């Protein structure tokens, strides 16, 4: 009888330990998987937005400048909301303000090429998460 009670007690302890271990394992792995998925989503969204902004910048010479500037501002707003990067936010704001100033000058084409290349280079350096 004592043997049966001892075996029963050990079995219950093992069962409780196994369940507790499984619960902890499940919670920890879920948290890790959620973080990995969030980072993947952020990386993909960042790539899409940076690609869109680069496309908008490169198409500045095509068509209506005001429309292109509006597209750049839309994409920039999404990037600013998505990423908590003060340097990038300042760079984007400086870039859009520079474009607005250049729009009113006669030498817009040559100056815009330099400003656009600078912004695209900055985006390339900051594509990594």
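When you look at residue 86, is it out of contact with any helix residue (DSSP H, G or I) (no Cβ under 8 Å at 6 or more places or on another chain) and more than 20 Å from residue 51 (Cβ to Cβ), yes or no? Considered against the rule, which asks whether it is out of contact with any helix residue (DSSP H, G or I) (no Cβ under 8 Å at 6 or more places or on another chain) and more than 20 Å from residue 51 (Cβ to Cβ), residue 86 comes out as yes.
Every residue, every condition in (1) within 16 Å of the chain's Cα centre (by Cα); (2) on the phi > 0 side of the Ramachandran plot; (3) modelled with pLDDT under 85; (4) surrounded by fewer than 12 Cβ atoms within 10 Å (Cβ to Cβ), yes or no:
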position	(1), (2), (3), (4)
73	no, no, no, no
76	yes, no, no, no
90	no, no, no, yes
104	no, no, yes, yes
120	no, no, no, no
125	yes, no, no, yes
129	yes, no, yes, yes
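Would you confirm whether or not the range 1-11 contains a residue that is outside any helix (DSSP H, G or I), farther than 30 Å from residue 127 by Cβ and either at pLDDT 75 or above or over 45 Å from the mean Cα position of the chain (by Cα) (or both)? For the range 1-11, residues outside any helix (DSSP H, G or I), farther than 30 Å from residue 127 by Cβ and either at pLDDT 75 or above or over 45 Å from the mean Cα position of the chain (by Cα) (or both): present.
The values are calculated or read from the model by the stated rules, or taken from the named source; none is laboratory data. For clarity, every value in this text was computed on a predicted model and none was experimentally measured. Ideal geometry is used to build each Cβ from the backbone, glycine not excepted, and the neighbour counts take in all protein chains shown.
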